[in-house]
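Enquirer: Provided herewith is a single structure, encoded as structure tokens, for subsequent inquiry.
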Amino acid sequence: IHDNKLEWKEVKMRDITIVGLTQNNLKHVSLSIPKEKITVFTGVSGSGKSSIVFDTIAAEAQRQMNASYPAYIRSRLPKYPKPSVEKIENLTASIVVDQSPLGSNARSTVGTISSLYASLRLLFSRIGTPYAGSASYFSFNDPNGMCKTCAGLGKVTKVDIEAIIDVNKSWREGCVNDSLYAPGTWYWRQYAESGLFDLDKPIKAYTAEEYHLLLYGTRSDDGEMVHPKVSGLVNKYTKTLLNRDISVKSRHSQEKSRQLIVEKECDDCHGKRLNAAALNCKINGYSIADLCEMELTQLKIVLTQIKDQRVDLLVQSLIEGLDRLIDIGLPYLHLNRETSTLSGGEAQRLKLVRYMGSSLSGMTYIFDEPSTGMHPRDVYRMNKLLKQLRDKGNTVLVVEHDKDVIAIADHVIDVGPKAGTQGGEIMFEGTYQELLNADTLTGQAMRQILPIKMKTRQPKGSLPIRDACLHNLKHVDADIPLGVMSVISGVAGSGKSTLISQVFAKQYADRCVLIDQGPIMATNRSTPASYLGFFDEIRKLLAKENNQPESLFSFNSAGACPVCGGKGVLVTELAFMDPIVTECEACEGKRYNQKALACTYKGMNIVELLNLTVLEAMAVFTDSKISRHLKQLQQVGLDYLSLGQPLSTLSGGERQRLKLAKNLSKKGSIIIMDEPTTGLHLSDIEKLLKLFDTIVARGNTLIVIEHNLDVMKQADWLIDIGPDGGKNGGEVVFTGTPLMMIQKASTLTAQCLRLSCG
Ligand code: ADP
Ligand code: ADP
Ligand code: ZN
Ligand code: ZN
């Protein structure tokens, strides 16, 4: 028995071994990854890090887990394809902690996701007074606890009728700004002929009673309908806009809906989501909703003041949970915050905390750039949590570019040398200290210290923001300089995005181009070639070269494979199981028919042309209509993508750079980017900075929200928001050039910037 135990321990501790890995761009890679250690994967973007960590290790671990379930469960689980690898051994169960959003469900809040809300409910059901019921009576997702008016959502959607009423006009002049009620129309005549209104009186001169009648068709005291044809403007628009599925409406009325429908706080519960009984139940004078509106640091203080032996353990575990959220740099959140409004980085930190509370050990945790959205000051706190995870007996794998995260690695695996087909090899394996001496792009970049910009550009005027108060902003006044590059800095939650992406961008909407990391609104067949618009040019070239119509080179038109109809796959529907999807044998998944595939340009058919990487394509296409776009893709560091790679496979950072490529030729615009260095290797950041120079030289204004100190060093102007996050933030704490910042500022950002200058 004793021997068996030893043997089990040995197996458990054996390295994860991978032999002959050829997934995506990987070139027959073999690796071993130590267990119960932190291994950081480095390398330029597109080198193959995710192909190893996500497409191979995580996918195979999940696949093997799924295979252990009975068939009827298996058919309901997501499918993980087997990675192309000769051998993979000693995997443990894996958990991917990535930046994917936490869903768009309004019922999912920081409190429900962290399960702290469940503990609070329990607390109130035990010691809240007056007694309101058991724990479900405090759940806004349960009929017992929810506010009936808003069904527990805390908000209601309403028609904002004032948006289309011109109060200076009379009914006869067409006071309703909508063709539906234009003078002379049927709807207009119902009101005009009712005899209820003075047709020549401007709306602003209406009495309250008359205005009520116009909006609701009733008198305010008795609520009785006054005229059969006058139902009231609010009621009319509510019926046509709110009570129907928006997606089936015409584009015109969708546009109108966007303009007229607003979300308002629920009048009954004032956004608290719960019914009166639940809200009246209190502990030390606070209702459960009060606690959920507090910043986490404040909530911790209130909980510490609860002195009641019956709930000691419960309070203790609540405080521990709060401490973890605070420690990971989320002290500024509140439990009622909808998770759908969190940034990718915040969502990832929330997930990390969820796992910190678990007592599982022997797992493999996989992180995708956990430093995203984090100020250098906060990175060390997160590092502490990653180390704790390891010390509990877990294996921690991290894909990262941040110097401070790489520094905590027990083991580094550097992938390269470059991206796509020019990458896919292991350039270095070893300790962090060894990496510092390694002769790889990562090693070099780790040793380099970028200088601060001395000669900053002079702005050509500025645009004002006055008295901004959204979220945590405290009556902020700021001037955004034109014709230069500004960097907006500050710890997470200080108010950077609120100030720039929400307040400023909305105020100057017609001049601003917001280039974010969000999904690209396009069909799921979109590719870099179709997104930038040069796919049509490639089809034209093929058509001309082969004397064929262009439609032959379109798989949803004349070019479609007759067997699969251009889908590339055949779907067999089964009665009680998931449909079986098999590759079409006729076209081998290529989607095109033989006639289309027989046509070539420079010896390549349409499929082969779309498989070229941007870099390869540059040698093939010389026509400026195509090469112009290829150059744009190269400039933003995406030359490793293939022309036909589905956009759904791109990372957030890659999507952002693709959007930037599309906007590169802009002149005289205000371009706003939120953390453009996400996913970029240290050596690529210098290229991005050069590109920023080009953009500004074209007469654009560039505003970049960034934590990366090298980007700050190269700015013409810095606007630092702080001093801290949440309630303790929301002010402009410094404005000036980078040089001014290191010379005289004392903010958190200034301290970090000074340190990074060596
Ligand atoms: P990294 O994580 O280092 O940025 P990836 O592993 O994501 O790099 O990508 C390595 C290469 O594989 C790149 O050339 C990328 O374009 C390609 N690639 C990644 N995912 C896919 C996919 N689903 N289909 C085709 N090519 C892919
Ligand atoms: P930063 O961009 O500096 O990380 P944000 O502008 O995202 O900061 O957040 C500033 C403050 O506003 C934080 O307290 C944050 O929790 C709050 N906040 C941001 N977005 C929302 C939202 N959609 N709803 C409620 N509060 C928000
Ligand atoms: Zn309500
Ligand atoms: Zn086919």
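The values are calculated or read from the model by the stated rules, or taken from the named source; none is laboratory data. The structure displayed is predicted, hence computed values, not measured ones. So basically every Cβ, Gly included, is an ideal-geometry build from the backbone, and we count neighbours across all protein chains shown.
Enquirer: Would a scan of the stretch 14-32 turn up a residue that is among the basic types (Lys, Arg), outside any strand (DSSP E or B) and in contact with an Asp or Glu (Cβ under 7 Å, 6 or more places away or on another chain)?
Expert: Yes, the stretch 14-32 contains at least one residue that is among the basic types (Lys, Arg), outside any strand (DSSP E or B) and in contact with an Asp or Glu (Cβ under 7 Å, 6 or more places away or on another chain).
For every residue, the table says whether it meets (1) within 20 Å of residue 705 (Cα to Cα); (2) over 28 Å from the mean Cα position of the chain (by Cα).
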| residue | (1), (2) |
| --- | --- |
| 318 | no, yes |
| 348 | yes, no |
| 353 | no, no |
| 378 | yes, no |
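Enquirer: For the stretch 57-67, does any single residue satisfy the condition of being modelled with pLDDT of 95 or more, hydrophobic (A, V, I, L, M, F, W, C) and not in a helix (DSSP H, G or I)?
Expert: Among the residues of the stretch 57-67, not one is modelled with pLDDT of 95 or more, hydrophobic (A, V, I, L, M, F, W, C) and not in a helix (DSSP H, G or I), which makes the answer no.
Enquirer: While we're on this one: Name the one entry in 606, 626, 672 that is crowded, with 22+ Cβ neighbours inside 10 Å, more than 26 Å from residue 697 (Cα to Cα), modelled with pLDDT of 95 or more and not basic (Lys, Arg).
Expert: 606
Enquirer: Looking at the stretch 172-195 only, could you name the residues that are assigned to a loop (DSSP other than H, G, I, E, B) and touching a helix residue (DSSP H, G or I) at 6+ places or on another chain (Cβ under 6 Å)?
Expert: Within the stretch 172-195, 175, 177, 178 qualify.
Enquirer: Please work out which residue is farthest from ligand 3 (Cβ to nearest atom), limiting yourself to the stretch 613-655 and to residues that are closer than 27 Å to residue 54 by Cβ and over 29 Å from the mean Cα position of the chain (by Cα).
Expert: Of everything passing the filter in the stretch 613-655, 616 is farthest from ligand 3 (Cβ to nearest atom).
Enquirer: Of all residues in the stretch 271-304, count the ones that are over 27 Å from the mean Cα position of the chain (by Cα), within 16 Å of ligand 3 (Cβ to nearest atom) and touching a residue at least 12 places away in the same chain (Cβ under 8 Å).
Expert: Residues that pass the stated criteria total 8.
Enquirer: Given the criterion within 33 Å of the chain's Cα centre (by Cα) and without any contact (Cβ under 8 Å) to a residue 40 or more places away in the chain, identify the matching residue among 143, 183, 101.
Expert: One residue alone meets the criteria, 143.
Enquirer: Continuing with the same structure: When residue 487 is evaluated against the numbered criteria (1) in a strand (DSSP E or B); (2) farther than 12 Å from residue 672 by Cβ; (3) within 16 Å of ligand 2 (Cβ to nearest atom), which criterion, by number, is the only one it fails?
Expert: (2)
Enquirer: Follow-up question, since we're still on this one. Scan the stretch 312-327 residue by residue and report those that are under 14 Å from residue 381 (Cβ atoms) and either modelled with pLDDT of 95 or more or among the acidic types (Asp, Glu) (or both).
Expert: 323, 327
Enquirer: Kindly evaluate residue 699 against the criterion of being within 16 Å of ligand 2 (Cβ to nearest atom) and not charged (D, E, K, R).
Expert: no
Enquirer: Can you tell me how many residues within the stretch 221-254 are farther than 27 Å from residue 154 by Cβ and either part of a loop (DSSP other than H, G, I, E, B) or at pLDDT below 70 (or both)?
Expert: Selection size over the stretch 221-254: 14.
Enquirer: Okay, next question. Among the residues that make up the stretch 494-504, is at least one of them free of Cβ contacts under 8 Å to residues at least 24 places away in the same chain and either over 30 Å from residue 326 (Cα atoms) or of a type outside the set (A, V, I, L, M, F, W, C) (or both)?
Expert: No - not one qualifying residue is present in the stretch 494-504.
Enquirer: For the structure I just gave you, tell me whether residue 344 is modelled with pLDDT under 90 and either closer than 27 Å to residue 650 by Cα or within 18 Å of the chain's Cα centre (by Cα) (or both).
Expert: Yes: the conditions hold for residue 344.
Enquirer: Just to be sure I understand, how many residues within the stretch 466-482 are touching a residue at least 12 places away in the same chain (Cβ under 8 Å), surrounded by fewer than 19 Cβ atoms within 10 Å (Cβ to Cβ) and in contact with a strand residue (DSSP E or B) (Cβ under 7 Å, 6 or more places away or on another chain)?
Expert: 4
Enquirer: Quickly run through the stretch 311-350 and pick out the residues that are over 21 Å from residue 729 (Cα atoms) and among the small types (Gly, Ala, Ser).
Expert: Across the stretch 311-350, the qualifying residues are 317, 321, 340.
Enquirer: Still on this structure, please answer the following. Does at least one position in the stretch 255-272 carry a residue that is crowded, with 18+ Cβ neighbours inside 10 Å, modelled with pLDDT of 90 or more and touching a helix residue (DSSP H, G or I) at 6+ places or on another chain (Cβ under 9 Å)?
Expert: Taking every residue of the stretch 255-272 in turn, at least one turns out to be crowded, with 18+ Cβ neighbours inside 10 Å, modelled with pLDDT of 90 or more and touching a helix residue (DSSP H, G or I) at 6+ places or on another chain (Cβ under 9 Å).
Enquirer: Taking helices (runs of 4 or more DSSP H) that do not extend beyond the stretch 363-464, which have at least 1 residues that are buried (at least 16 other Cβ atoms within 10 Å of the Cβ) and within 16 Å of ligand 2 (Cβ to nearest atom)?
Expert: 376-391
Enquirer: Could I ask something else about it? For the stretch 696-729, what are the residues that are at pLDDT 95 or above, within 25 Å of the chain's Cα centre (by Cα) and over 20 Å from residue 752 (Cβ atoms)?
Expert: Of everything in the stretch 696-729, those that are at pLDDT 95 or above, within 25 Å of the chain's Cα centre (by Cα) and over 20 Å from residue 752 (Cβ atoms) turn out to be 701, 702, 703.
Enquirer: Taking only pairs six or more apart or across chains, which ones have beta-carbon atoms under 7 Å, a first residue in the stretch 524-540 that is modelled with pLDDT under 95, and a second residue that is surrounded by fewer than 18 Cβ atoms within 10 Å (Cβ to Cβ) and of a type in the set (A, V, I, L, M)?
Expert: Final answer for the pair search is 526/520; 531/520; 531/522.
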